[in-house]
Structure formats: C-alpha cells, structure tokens
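J.: Sending over a structure as structure tokens; questions will come in a sec.
The values are calculated or read from the model by the stated rules, or taken from the named source; none is laboratory data. Everything numeric in this text was worked out from a predicted model, so none of it was measured. Glycine gets a Cβ as well: all are built from the backbone with ideal geometry, and neighbour counts include every protein chain shown. The area values use the complete protein model at the heavy-atom level, side chains included, leaving out ligands, DNA and RNA. Shrake-Rupley method; radii C 1.70, N 1.55, O 1.52, S 1.80 Å.
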2 protein chains.
Amino acid sequence: MGERWKVVIVGGGFGGLCAAQALKSKPVDVTLIDRRNYHLFQPLLYQVATGGLSPGEIAAPLRSVLSRQKNARVLLGDVVDIDPSGRSVLLADSVSFEYDSLIVAAGSQTSYFGHEAWQEWAPGLKSVEEATNIRHKILYAFEVAERISDPVQRRSWLTFAVVGAGPTGVELSGAIGEIARQTLQNDFRSIHPQEAQIILMDGAPRLLMSFPEDLAQKAERSLAKLGVQVKTGVMIKEIDKEGLAMETDNRIERLSARTVIWAGGVTVSAFGKTLAKRTNAGTDKSGRIKVNPDLTIPNYPDIYVIGDLALALNADANPLPGVAQVAMQQGTYAAKAIVRKVQDGRPLPPFEYFDKGGLAVIGRAAAVANIFGMHISGLTAWLVWAFVHLRYIVQFQSRLLVFIQWAIQDLTFNRGARLITQSAATDFNFNKEVSSHQRPDEAKNKEAAPSVDTRKTA
Amino acid sequence: MGERWKVVIVGGGFGGLCAAQALKSKPVDVTLIDRRNYHLFQPLLYQVATGGLSPGEIAAPLRSVLSRQKNARVLLGDVVDIDPSGRSVLLADSVSFEYDSLIVAAGSQTSYFGHEAWQEWAPGLKSVEEATNIRHKILYAFEVAERISDPVQRRSWLTFAVVGAGPTGVELSGAIGEIARQTLQNDFRSIHPQEAQIILMDGAPRLLMSFPEDLAQKAERSLAKLGVQVKTGVMIKEIDKEGLAMETDNRIERLSARTVIWAGGVTVSAFGKTLAKRTNAGTDKSGRIKVNPDLTIPNYPDIYVIGDLALALNADANPLPGVAQVAMQQGTYAAKAIVRKVQDGRPLPPFEYFDKGGLAVIGRAAAVANIFGMHISGLTAWLVWAFVHLRYIVQFQSRLLVFIQWAIQDLTFNRGARLITQSAATDFNFNKEVSSHQRPDEAKNKEAAPSVDTRKTA
C-alpha cells in the first residue's frame, strides 16, 4: 500500500461515493471517511418521515457498497479540521490522515437562517434521526387529536405546516395529505383524519421555483386534491410550540399548528466552514465554497470540493443546484482528474454539468418532471420518477424492497413503517400536551374524561 | 355505544391483540390501550438487533390492524393504576377509563435481578429501542476494532458476550456469528471479522433448558460452526464497560468484552406490579400474578390476566411459559369468557393450553424444533420456523417484506439494515473508547495514527 497515491474522501453521500467508485482498480489508495456507517438515499428521506419506508430501506452500509473494491477502505470518523499545507485531515479523536489528493464531499445540513431556536419545534429533513423525529411528530399529532375533546386544541393538533416549497416541501406535504386522506382513513374513532389542515408555505411568489411555471401550477393542483393549501409570499417570523407567526403583505398572522416541519433551507456542514477558513476560500452566503472550473480550491490544486459544499457555476454562470445529480457528476470528475494527474499529469478540461432535469413527486402516482426540457406531469412523471430513483439506489436489496413497498402502498393505501419510537412514546403523558386551562376539570371528572366524539361510532 | 358492555384491554402484544380480535362483531365495546402505537412481533426482534430487519418490518400499527373492527378503538396511553372496586384504570395523564371487563396483557420487561446498573453496559432485547441499541453496539464494535492497533484492545472490541442461553440468547449469538463470519467477511481492511469471539453463557447446566436435551446438543453444534462458544454453569458477578466477571466452579474470572448483551431474564411490567398490589393477588418471584383456572384474579371475576404477566398452570401444575402461543390462546379464551358472560352468563370450562411445541433458530437455514413431541433440527426445522413465524406476522405487508428479506439474506449473506443511528454515531469520538494509556503517543504521532494492519491489503 504505502507508496501509492493516497486519496482521502470526506463524506459518503452521492458525491463521495461516486468518486470512490470511479477510483476502482485505479493505481491509488482510497480512504473514505464518514460520520455514518451508511450511505443515505436522501431523495427518499421524506418517505421515512411519512412512514412509507424504514430507514434501513434507503440506506446502504458504506462498507458493503465498497467491500469488493480492494483499493478502498472505509473509516467511521468525524473529520473536524484540515492542515492544507501539511496535507492532512484531523479527526475528532485527534487522529490525522495524510493525503496526496483530497475530495471534500461533506454536504449540507438544515439551516434556520440564524433562528436556531426554531429547530426544537420545526425539525428539518437531512438525517435519518430527523426523519424519524418528523414521523413521530406527525403520527403523534393524530393520536393526541383522537384523545382531545376541545375543538380548538384538536384543530391545532390536526394542522400541519411545512415551511419551504421546494421539492422536499412539496413531497412532504403531499405525503402528509395522503396519510390524512387515505392511510389513516378508517383508523380513528373520534376524529376524521381527512379534516387535517396541511399548509405548505414559502417566501417565494410560487412553489417549486427551480421548475418551470406550468409544472409548478400542475403541482399545486395535485397538492390541492390531497388537501394541501399552498401559501406563497409568506415570511416566517416565529416558530414555537403552539405554531408559527407569519407575515404576508406586511400583516402578521398566527397559525396554530402543533406540527411544523422545516424544509426552508440548508447551510454547509461544520467541516465545510473550517475548510473555507483554512484555505481562505471565497464562499456564498450559505457557506458554499467557490471552486475553480476543475472543482479545486484556488491555490490548493490537491483539494477538490464537490456536491452541496461546492459553489460551481454552469455555462451561464449560474450556481449549480445542490442535488444528487450534480454531486455524482462532480465526484466522477474529481476521480478522473486525480487519475490523470497520477498517470500522465495532463489536466482534464473543466467540469461541465449535464443537466438531465428535475423531478418532484406529489403523492400517489403523481409527479412533475422537467426532463431534457420536456415538461411532464401526472402518472407519466411518476413513472419517470420511480425509474430514476430506483436506478440510483445503490444496493440490490434496497432497490427491490423499496419497489415492493411502493407497489404495496399504491395497492393498499397503507404505510407499514408507522412507528412512534423513542422516549416520547414511552414517557407518554398528555398533560404535557394539553393546555393547562383545560386539564383540571377533565382530570377530576371521570365521565368527561374519555369524552369521545361519537360521530363515527354512534 | 354508551350502554354496551365495556371491555378495556391493557397492552397490544400477542395476548391483548388476540383478545381484541376475538371480540370482533360481538356485542361489546373494546378499548385497547398501549404505550406504543404498534404491535411488535417480538420473536423476530433479534433480527432487528443484528441488522437483518428494520423495525418497521416487524411492527404493525395497532390502528391499522383494528381499523376495520368497528367495535374497537385504540388509545395511545400509559396505564399506571387501577381502582378494582370502582372498575376503572388510570392513565399517566390522570384520565381514567371505566370497564365492565378488564383484560390485562401488560407483558414483561428485561430484568437484571437487582443489578440495574448492568443495564447501561448490557442492553436487553424487549423493545425496538433496545434492539437498535444492540445493533448499534455490535456494528460500532467492529468499526472501533478496525481503527485500533493495540491487539489486546482490539480483541476486547471483537469479543461479544451474550448472557442467557434460552431461545433469545441462542438466536442472538447465532446471528452475531453470521455477521462476523459471513456478512462482514470482505468489509474491513485491518481486521478479520471472523476472528470475533462470541460467547454464549448461562448459569444452567446446558443451553435451551426448555427444549429436550438432544435438540440442545444439536443447537450447540450448529452454534459452534458459527464460531459461538457456549459456557454453561456460569454465574455473572459483575458487568461494566470493559467486560464482565463470571464465576465457574467457585472461581471468578474476568472476560474482556466491549459488547455484552443481556438475554438473562424478564420481570413483569410496572403496571403488573401495581395490579398485584391493588388486588392482593399472589405472585411468583418474577412478579407474575397467580390466576384462577379461568384466568381471572381471585376475588376479581372481572379482571383477566393473560400472557407474560399471568402465572397460569398447565395440567401437570407447571407454570406455562412466557411465549406468544400461550398469550394468544389466553387472549382468545378471555374474549370468549367475556362474551359468554354478556350473552348468557354461563361460565367457560377452565383454560387449557394446547402446546404446539418450541422453536429456536440458529442462523442461516438451521434451527431446532420440538413440534408435537417430534424433535426436528437443521433445514427442516428452519422451514417450520419460517412458516410458523410468517403465519403469525400480523399484516400482509410485513409478511411479504420479511420473507423477501430472508430470501435475500440467504442468497447474498448480506444484511441490509446495518445502520448505526442515534447520537453515538454523530458524536463520534474514539477518545472515549480507547483506554487512556494508549492515547497520548498516538495523538502526537501522526505517522503512527492511522496504524493500519495491512495483512489483507498488502
């Protein structure tokens, strides 16, 4: 091993993993370092958040993905610092790794734009833990509503606000609409889940700003059929336990909603910030690092930055979006550039992004797609979506299982992974959830306690 | 609703759910209360603990299981007390529910026989959270071993001790053997996972005491093939971060093992203890409540106790085991007894358990079974096991998925649900894991840091 060119890759997301795989059988030694032991298929994370899939079904152990690639090793570790002149990265446990070439694919994380306190009430959707937390919140809200008799309180528990109307927000709110209208249809005795209010809001003038306008309109119509209201031009001023305050046309309004989900934006990872500092690299306001046309950092030809962390420009000088396609193409490019350097020293021509288009799914068998300039919607778009996503899922097993889950969901309207886990379910106590003014009477009055609305059972 | 006979069921495990289903279309109103929103297929929980299945695949939402049963409602709640003379149960949030008949199927939980401190180092296997915790510990141990160069430390991380050699312990240790020998075979570069030591220990003179001796011997041989050593006649004296102390033949010995799993015993749930106190019921040493031949508590003909919480006797006056079969038959019996009481007041003949036999699986396509007095082992027993378990899984979706997962695992030796989730992976820091005497040198010496054993990559 010792004498070969050492490539260190930070992050096992789409970009990092593609880079590692593109280095297979090349004359380099690859070390892939990630804080997680798995690659996560992020585009389907909203399905975990809404009980359609289990985390294990959209994750592939990095070791097993790379187990047959003899020149690659995987390390579980948290890269916290870099010494760009000494060419080494430092892990949280003070161990450092030297590199000849470094590929940084450290990704992004949820950003609250300075309102970190909102995180407690409005989880984002970037990790498995956040997704299961959202799943817990959504299912728990229906459970609480079933046990509450006060109509105002109940309404608040049955109101779901999704902040951010990009693809993630659209997909999430569509899935919540499906849960309320279809999955839980017959499951409750006191509430009608289909009366849930689902509100998708954004500061922009319309949803899906990265899509053509006609597709955004189609998406809005599909969402309306699932009971999702879209509110645009809305600025969020505050999020707390009881709901949120929003500003529209200089008027501030409160929305009482016990479930708020944040799909509002991302920022770069902590190591991304450190990297920019150590290399004096330029960044945009969300922290993305401005890279050369060959994806290296200015003055550091051995450090490639790819994926969500990179601010790369397309032919029109617009920044490339933070999507899997871009990360994957960049990973492959960085790998090729390194192989060239090792083999004959010739540089590659600058990175060019080949845009295959965008996709967003809106519930059962409905989606919008912008593929090679064609605008597609409805079932056709959904089939394209399913095909594209299945193709990218890394492992055979995941692919098969996810496909079967989809098929079953569409046949049965059921969602199998509806678990409320974690301590919140164990330490179950509605006192915490119901406003105090309502409790004392109920607690004392046995008859009133299981005060069930008998609309359905009478 | 109001005037009908009110049946409250505490617990949605095998017993409680069977009771609820047996009351379908009967002239009673059923309220099933559980702290969880799902029914858990406990016999496959060891598969979650060992990365073979995702939690969602062995859990079915209680609401969806009962959604078409119009006389049943499900409540998420924690029953903490009972007023047996006033015929009501109290929930943690001070809400109470009156009953005409009560079925208590509150189950059991892991017991450390007074050594509660061991819980921190040796998780049990009764809940989804415990299972994912064990999964995390097992996978994390291999990750740490891959990064440690000290052979003694590494050995300790690659030693897995399972305490308790009943069916759960046998299944768990067999599955760990499979992970080490097959699943992770090619995944590491510095360690050979198949060198892991797996030790199954028990105070009893042999494993699987509830099975005939010839089957226990066959199980031990199958385990040996997977690298599992069985130590019997061993008393655990201490469990801590570094391993455990055990006593054999009056000699105390330490075992250095960073992963210890507790399959050593169970006790009744907290509500079970309260119930015994309020009704002055007799209990055995693990807290099980002595019931009448009709499963009611002496002097409380309206309270049925079933499943792991009940101490019921078979025809030979031996206690019935705490297994799903017993709970299910008892649940059906209690439901029938209540219907009789409501309809014509006639009592049922005493409960009789129909024993179909016992099963334990030892890894891939091997098991032992004692069915209707026949002793079966190997592939035949595995097929019986697979059939029996699939039959009992509550939902169509779970059944199909579990079956496919099995088939794929057996074809590929792979395990798809190998996620290390929760904060332990995020706050990743090997400093905490490696003994302090080893750190300072390593931290300072960059060259020594990624000290990789190159046996395999050289």
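J.: Taking B:I191 as meeting all but one of (1) in contact with a helix residue (DSSP H, G or I) (Cβ under 7 Å, 6 or more places away or on another chain); (2) β-branched (V, I, T); (3) at pLDDT 95 or above; (4) within 28 Å of A:A72 (Cβ to Cβ), write down the number of the exception.
T.: Going through the list (1) in contact with a helix residue (DSSP H, G or I) (Cβ under 7 Å, 6 or more places away or on another chain); (2) β-branched (V, I, T); (3) at pLDDT 95 or above; (4) within 28 Å of A:A72 (Cβ to Cβ), B:I191 breaks only (3).
J.: B:G227: open to solvent by 10 Å² or more (accessible area, probe 1.4 Å) and on the phi > 0 side of the Ramachandran plot, yes or no?
T.: yes
J.: Just name the residue that is nearest to A:L17 (Cα to Cα) out of those in the stretch A:278-306 that are without any contact (Cβ under 8 Å) to a residue 60 or more places away in the chain and of a type in the set (S, T, N, Q).
T.: A:T296
J.: Say we look at the stretch A:146-168 and pick out the residues that are basic (K, R) and away from chain B (no Cβ under 14 Å); which of these is nearest to A:S222 (Cα to Cα)?
T.: Residue satisfying both the conditions and the ranking: A:R155.
J.: Here's another thing I want to ask about it. Based on this model, can you work out whether A:D93 counts as acidic (D, E), more than 15 Å from the chain's Cα centre (by Cα) and either under 18 Å from B:A145 (Cβ atoms) or crowded, with 19+ Cβ neighbours inside 10 Å (or both)?
T.: yes
J.: I'd like to know if the stretch A:343-350 contains one or more residues that are among the small types (G, A, S), at pLDDT 75 or above and open to solvent by less than 40 Å² (accessible area, probe 1.4 Å).
T.: No: zero hits.
J.: Do we have A:A369 as surrounded by fewer than 18 Cβ atoms within 10 Å (Cβ to Cβ), among the hydrophobic types (A, V, I, L, M, F, W, C) and either assigned to a loop (DSSP other than H, G, I, E, B) or in contact with a His (Cβ under 9 Å, 6 or more places away or on another chain) (or both) here?
T.: no
J.: State the number of residues belonging to the stretch B:139-177 that are of a type in the set (A, V, I, L, M), over 16 Å from the mean Cα position of the chain (by Cα) and under 16 Å from B:G51 (Cβ atoms).
T.: Residues meeting the conditions: 2.
J.: Of all residues in the stretch B:66-84, which are within 7 Å of another protein chain (Cβ to nearest Cβ) and touching a strand residue (DSSP E or B) at 6+ places or on another chain (Cβ under 8 Å)?
T.: B:R73, B:L75, B:L76, B:G77, B:D78
J.: May I pose another question? Could you look through the stretch B:176-195, keep only residues that are charged (D, E, K, R) and more than 8 Å from chain A (Cβ to nearest Cβ), and pick out the one that is farthest from A:S64 (Cα to Cα)?
T.: B:E195
J.: Give me the residue from the stretch B:148-204 that is of a type in the set (G, A, S) and part of a loop (DSSP other than H, G, I, E, B) and, out of that set, surrounded by the most Cβ atoms within 10 Å (Cβ to Cβ).
T.: This residue is B:A165.
J.: Let me ask another. Of all residues in the stretch B:205-224, which are open to solvent by 20 Å² or more (accessible area, probe 1.4 Å) and free of Cβ contacts under 8 Å to residues at least 60 places away in the same chain?
T.: Passing the criteria: B:P205, B:R206, B:M209, B:E213, B:Q217, B:E220, B:R221, B:A224.
J.: Yes or no: B:Y112 touching a residue at least 40 places away in the same chain (Cβ under 8 Å), closer than 30 Å to B:L184 by Cβ, more than 8 Å from every other protein chain (Cβ to nearest Cβ) and open to solvent by less than 10 Å² (accessible area, probe 1.4 Å)?
T.: yes
J.: Right, another one. Only one of B:E98, B:E171, B:E129, B:E143 is within 11 Å of another protein chain (Cβ to nearest Cβ) and closer than 20 Å to B:G227 by Cβ; which?
T.: After applying the criteria, what remains is B:E143.
J.: Okay, moving on. From B:R63, B:R35, B:R87, which residue is facing chain A (nearest Cβ under 8 Å) and in contact (Cβ under 8 Å) with a residue 40 or more places away in the chain?
T.: Every option except B:R35 fails the conditions.
J.: Being buried (at least 23 other Cβ atoms within 10 Å of the Cβ) and part of a helix (DSSP H, G or I) is the filter here, so list the residues in the stretch B:299-326 that pass it.
T.: Scanning the stretch B:299-326 gives B:G307, B:D308, B:L309, B:V326.
J.: Let me ask something else about it. Cβ-Cβ distance below 8 Å, separation of 6 or more or different chains: which pairs start in the stretch B:245-256 with a residue that is closer than 12 Å to B:A161 by Cα and end on one that is hydroxyl-bearing (S, T, Y)?
T.: Pairs that qualify, where the first residue is closer than 12 Å to B:A161 by Cα and the partner is hydroxyl-bearing (S, T, Y), are B:L255/B:T159; B:S256/B:S156; B:S256/B:T159.
J.: Okay, next question. Do the conditions hold for A:Y46, that is, is it more than 7 Å from every other protein chain (Cβ to nearest Cβ), surrounded by 24 or more Cβ atoms within 10 Å (Cβ to Cβ) and aromatic (F, W, Y)?
T.: yes
J.: Still on this model: Can you tell me which residue within the stretch B:287-298, out of those that are among the β-branched types (V, I, T) and in contact with a Leu (Cβ under 7 Å, 6 or more places away or on another chain), is least open to solvent (accessible area, probe 1.4 Å)?
T.: B:I289
J.: May I ask you to list the residues in the stretch A:272-286 that are open to solvent by less than 50 Å² (accessible area, probe 1.4 Å), closer than 26 Å to A:P167 by Cα and not in a loop (DSSP other than H, G, I, E, B)?
T.: A:G272, the sole residue that qualifies.
The rows are residues; the columns are (1) surrounded by 22 or more Cβ atoms within 10 Å (Cβ to Cβ); (2) on the phi > 0 side of the Ramachandran plot; (3) of a type in the set (K, R).
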position: B:A19; (1), (2), (3): yes, no, no
position: B:L32; (1), (2), (3): yes, no, no
position: B:N37; (1), (2), (3): yes, no, no
position: B:P55; (1), (2), (3): yes, no, no
position: B:R63; (1), (2), (3): yes, no, yes
position: B:V80; (1), (2), (3): no, no, no
position: B:R87; (1), (2), (3): no, yes, yes
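J.: Restricting to the stretch B:251-271, name every residue that is of a type in the set (A, V, I, L, M, F, W, C) and open to solvent by 10 Å² or more (accessible area, probe 1.4 Å).
T.: B:I252, B:L255, B:W262, B:A263, B:V266, B:A270, B:F271
J.: Please go through the stretch A:327-361 and give me each residue that is assigned to a helix (DSSP H, G or I) and more than 20 Å from A:K290 (Cβ to Cβ), ordered by number.
T.: Residues satisfying the conditions are A:M328, A:T332, A:A335, A:K336, A:I338, A:V339, A:R340, A:K341, A:V342, A:Q343.
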